[in-house]
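So the structure is just underneath, and the comments pick up after that.
The values are calculated or read from the model by the stated rules, or taken from the named source; none is laboratory data. Computed from a predicted model, the values in this text were never measured in an experiment. Here Cβ is always computed from backbone atoms with ideal geometry, including for glycine, and neighbour counts include all displayed protein chains.
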Amino acid sequence: MLQAMREGMNSWILKTVLILLLGGAMGGLVLMDTISFWRTGVSRGSVANVAGEEISFVEFDRQYRMDLRRIPPELSQKPDVRAVVARDTLQEQMQKRLLVKATADSGLIVGDVVAAERIREYLKPLTDQGALESVALATVLQQRQLSEKALVDTLRQELAVEIMMSALVVPVTAPPQEVLDWLQYDMETRAGEYIRISGAGFKADAPDEESLQKFHADKTALWMSPEYRSFSLLVLTPEKVLTEIEGIEIVSDDALKKTYEDHIADYTEADKRTVTQAVFGGEEDAKAVFALLKDGKAKTLAEAAEKSGTEDAQIMEAEEHTAQSIFPEEISDAVFGFEKDKGVVGPIKSPLGWHVVNITATARGNVTSFDEVKETLRSDWILDHASDPLYTKVSELEDMFAGGASVQEAAEFMQIGFDNVPFLTSMGAAADGKAYPLEPAKHAQAVLEKVFAMSKDDEIKAEVLEMDDGSFIAVSLDEVKPAQKIPYEDVAENVRETWVKSEKKKQMRDRAEKNCGCRANGW
């Protein structure tokens, strides 16, 4: 796959198109003054729009402050330096989104096996310390404030972008000697032996409680309770907005049925036929070829034309057509007026000459029933009638959020209902360990990911999420309960198991290095 991408990228045409695409996307951005942006506030919650995806002010500001901390304090206070950092931060975020979009458009998909290997590499620093993979994964999710799905998606995306970047690298011609050295190394073969040491013969008794407690204290990251966050949630749906408008009634089934009937062509899939046709200058040649096919003395138009001795036949490749796509009209009428699914039609006279058509396959059309599309029609009607008032409310919310209002403050001012969600983990579990019924359930994961990406230090305290069903969800972070060290008494058995596993690994490594005189691999 990567080699194919590299070969494609070697084409100067593809490179030119990609460069123009990236340049056009960068040039088409409408940006705001980044120097005063976070000081004076914005009318909307985004800095830029890259290929249809917004860079939110909160995301930009968080990354900007992180980049500032990477330079000496005496420099970070200078206005010109801050301006350069802001420009570089924004440019990096724009380039990242463009690469992500280019990766998605290319159809590049990272398989499960490769993704799993990347996750194991990511967890290796913790598993090397003796942590079980499940414990290491939970620790990483807590540290990065991500759900398991979000982490997997992020690592997949990073790996896909890396592959895309490696394919975009401009080829460089290596010196002949370097190529020779590389080929010698690549073609080199070696013979060797290895010994696999099984853990079955090793034992490690658990030490006394004091040693286990010290082990528990030293390996802090392995036994942490999850972070909990409470937040406020406001949901705006097209249906909810319509119910607040006087004089508006939700469309009836009869009205939807009339819309369906008025646009029945949109729900009708036409018959399709795969045909091969030949065009002749004279009727006699066409009749001769038709007869050979009709009598079964030839299987294809080309074979029939050859056997008949016809020299001026123009034979077209097989194509799938509807009655509207085949030309001219005489051919369309004959082909789609033929009663059988397969067969030979002709000779047919048209302004282009005499035609013989071989029908090799027929796919009958279908009409989607009203019941199958009724709910889609209703949703479309609701979205169409609710869009203006819905976006007006969303715009008002965004203006209030840009001014520093929370969801609760904005909802109370606009007299919109909202929910105060209790403390939850990034996976949606409440303090009792049970899953909290967060509504709307289909958007619960997206809401949790957004909440755990927010910070109490953000100048904008609330954000609006636009969902794929036409609804909008506003969230603001209320309180954060940081992750806590789990007391030894609550995880004593797991500490003991982790210690035993760690000790057995040490014994196996020592045995390999001492008795075999070789380097132990796997630790």
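A few remarks follow.
- Single match in Glu463, Glu396, Glu449, Glu412 (criterion: part of a helix (DSSP H, G or I), buried (at least 16 other Cβ atoms within 10 Å of the Cβ) and acidic (Asp, Glu)): Glu449
- Residues of the stretch 321-347 classified as modelled with pLDDT under 85, outside any helix (DSSP H, G or I) and not small (Gly, Ala, Ser), total: 7
- Matching entry among Asp490, Asp469 (being part of a loop (DSSP other than H, G, I, E, B) and exposed (fewer than 13 other Cβ atoms within 10 Å of the Cβ)): Asp469
- Of all residues in the stretch 156-173, those that are in a loop (DSSP other than H, G, I, E, B) and at pLDDT 75 or above total 0.
- For the stretch 305-318, the count of residues that are assigned to a loop (DSSP other than H, G, I, E, B), of a type in the set (Ser, Thr, Tyr) and assigned by TED's automatic domain parsing to the domain that holds Met454 is zero.
- Lone unmet requirement of (1) of a type outside the set (Gly, Ala, Ser); (2) under 30 Å from Val421 (Cβ atoms); (3) out of contact with any Ser or Thr (no Cβ under 7 Å at 6 or more places or on another chain) for Asp253: (2)
- The condition (being touching a Phe, Trp or Tyr at 6+ places or on another chain (Cβ under 6 Å) and touching a residue at least 24 places away in the same chain (Cβ under 8 Å)) is satisfied by just one residue among Phe231, Phe202, Phe215: Phe215.
- Boolean, Ile331 is more than 15 Å from Ala270 (Cβ to Cβ) and either in contact (Cβ under 8 Å) with a residue 24 or more places away in the chain or among the basic types (Lys, Arg) (or both): yes
- Positions within the stretch 290-323 being of a type in the set (Val, Ile, Thr) and closer than 26 Å to Ala363 by Cα, in sequence order: Thr300, Ile315, Thr322
- Selection count where residues are within 30 Å of Ile382 (Cα to Cα), touching a residue at least 24 places away in the same chain (Cβ under 8 Å), out of contact with any Phe, Trp or Tyr (no Cβ under 9 Å at 6 or more places or on another chain) and of a type outside the set (A, V, I, L, M, F, W, C), scope the stretch 451-468: 0
- Residue in the stretch 235-251 that is within 30 Å of Arg378 (Cα to Cα), in a strand (DSSP E or B) and aliphatic (A, V, I, L, M) present: yes
- Selection status of Lys504, part of a helix (DSSP H, G or I), more than 29 Å from the chain's Cα centre (by Cα), at pLDDT below 90 and not assigned by TED's automatic domain parsing to the domain that holds Glu54: yes
- Residue that is surrounded by the most Cβ atoms within 10 Å (Cβ to Cβ) [pool: residues in the stretch 176-204 that are out of contact with any helix residue (DSSP H, G or I) (no Cβ under 8 Å at 6 or more places or on another chain) and within 20 Å of Ala512 (Cα to Cα)]: Gly201
- Failed condition for Val58, given (1) under 22 Å from the mean Cα position of the chain (by Cα); (2) part of a helix (DSSP H, G or I); (3) at pLDDT 65 or above: (3)
- Condition broken by Trp354, with the remaining ones in (1) crowded, with 17+ Cβ neighbours inside 10 Å; (2) modelled with pLDDT under 85; (3) under 30 Å from Lys272 (Cα atoms) satisfied: (2)
- Checked against (1) assigned to a helix (DSSP H, G or I); (2) of a type in the set (Gly, Ala, Ser); (3) surrounded by 15 or more Cβ atoms within 10 Å (Cβ to Cβ), Ala298 meets all criteria but (1).
- Count of residues meeting criterion [among the polar types (S, T, N, Q), assigned to a strand (DSSP E or B) and over 14 Å from Ala270 (Cα atoms)] in the stretch 348-371: 3
Residue by residue, here is whether (1) over 30 Å from Pro440 (Cα atoms); (2) basic (Lys, Arg) holds:
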{"residue": "Lys219", "(1), (2)": "yes, yes"}
{"residue": "Ile250", "(1), (2)": "no, no"}
{"residue": "Lys257", "(1), (2)": "no, yes"}
{"residue": "Lys272", "(1), (2)": "yes, yes"}
{"residue": "Glu303", "(1), (2)": "yes, no"}
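- Within the stretch 319-363, the set of residues being within 21 Å of Thr300 (Cβ to Cβ) and polar (S, T, N, Q) comprises Asn358, Thr360, Thr362.
- Check on Leu448, outside the structural domain of Leu212 (by TED's automatic domain parsing) and closer than 16 Å to Pro226 by Cβ: yes
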